[in-house]
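The block underneath contains the structure these notes are about, expressed in structure tokens.
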Amino acid sequence: GMGRPEKQGIDYFPLWRPQMVTKRKFTSMDFKVRLESLRNSSSAFIKRIDVRKIVFNRDSDMCVLCGAKHQLSIDHVVSVYRAAMGAFPIEKLNTKENLQTLCRCCNSKKNP
């Protein structure tokens, strides 16, 4: 019948589903509005426990750049800034493929 699809299986990854009001801001003519709304929405998404668990697990609980196992965070491969600039499709921003595990040190060295 109807209802939510099963949250099982290797390929399960939660969908980023911003609200309509937020989505409208993504296409605003004002760059600052686009960037801020994308940043806020993306940041809330990557703080989700299910998202973190899946990305950390895929990356073997270590920084993909240096292998550190402490102070890990979820980072966008292609940045939120670039998506706001129109250089990357917004719908691909918060996919499993565009998220990676970085330690605090590598994350702070990263360029937008």
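Among the residues of region 86-99, which ones are out of contact with any Phe, Trp or Tyr (no Cβ under 8 Å at 6 or more places or on another chain) and either part of a loop (DSSP other than H, G, I, E, B) or surrounded by fewer than 16 Cβ atoms within 10 Å (Cβ to Cβ) (or both)?
Within region 86-99, G86, A87, F88, P89, E91, K92, E97 meet the criteria.
Inside region 47-68, can you point out the residues that are open to solvent by less than 90 Å² (accessible area, probe 1.4 Å) and among the charged types (D, E, K, R)?
Of everything in region 47-68, those that are open to solvent by less than 90 Å² (accessible area, probe 1.4 Å) and among the charged types (D, E, K, R) turn out to be R48, D50, R52, D59, D61.
Per-residue answers, yes or no, for (1) out of contact with any strand residue (DSSP E or B) (no Cβ under 9 Å at 6 or more places or on another chain); (2) assigned to a helix (DSSP H, G or I); (3) hydroxyl-bearing (S, T, Y):
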position: V51; (1), (2), (3): no, yes, no
position: S60; (1), (2), (3): no, no, yes
position: V64; (1), (2), (3): no, no, no
position: H70; (1), (2), (3): no, no, no
position: D75; (1), (2), (3): no, no, no
position: V78; (1), (2), (3): yes, no, no
position: R82; (1), (2), (3): no, yes, no
position: T101; (1), (2), (3): no, no, yes
position: C105; (1), (2), (3): yes, yes, no
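Checking R34 against (1) assigned to a loop (DSSP other than H, G, I, E, B); (2) buried (at least 18 other Cβ atoms within 10 Å of the Cβ), which single condition isn't satisfied?
(1)
Are any residues in region 10-31 touching a residue at least 24 places away in the same chain (Cβ under 8 Å), loosely packed, with under 13 Cβ neighbours inside 10 Å and not hydrophobic (A, V, I, L, M, F, W, C), and if so, which ones?
Y12
Name the single residue, out of those in region 53-97 being in contact (Cβ under 8 Å) with a residue 40 or more places away in the chain and under 9 Å from the mean Cα position of the chain (by Cα), that is farthest from T27 (Cα to Cα).
K96
The values are calculated or read from the model by the stated rules, or taken from the named source; none is laboratory data. These numbers were taken from a predicted model, which means no experiment stands behind them. A quick note on method: Cβ atoms are made from the backbone with ideal geometry, for glycine too, and the neighbour counts reach across all protein chains shown. Keep in mind that these areas ignore ligands, DNA and RNA; they rest on the heavy atoms of the full protein, side chains included. Shrake-Rupley method; radii C 1.70, N 1.55, O 1.52, S 1.80 Å.
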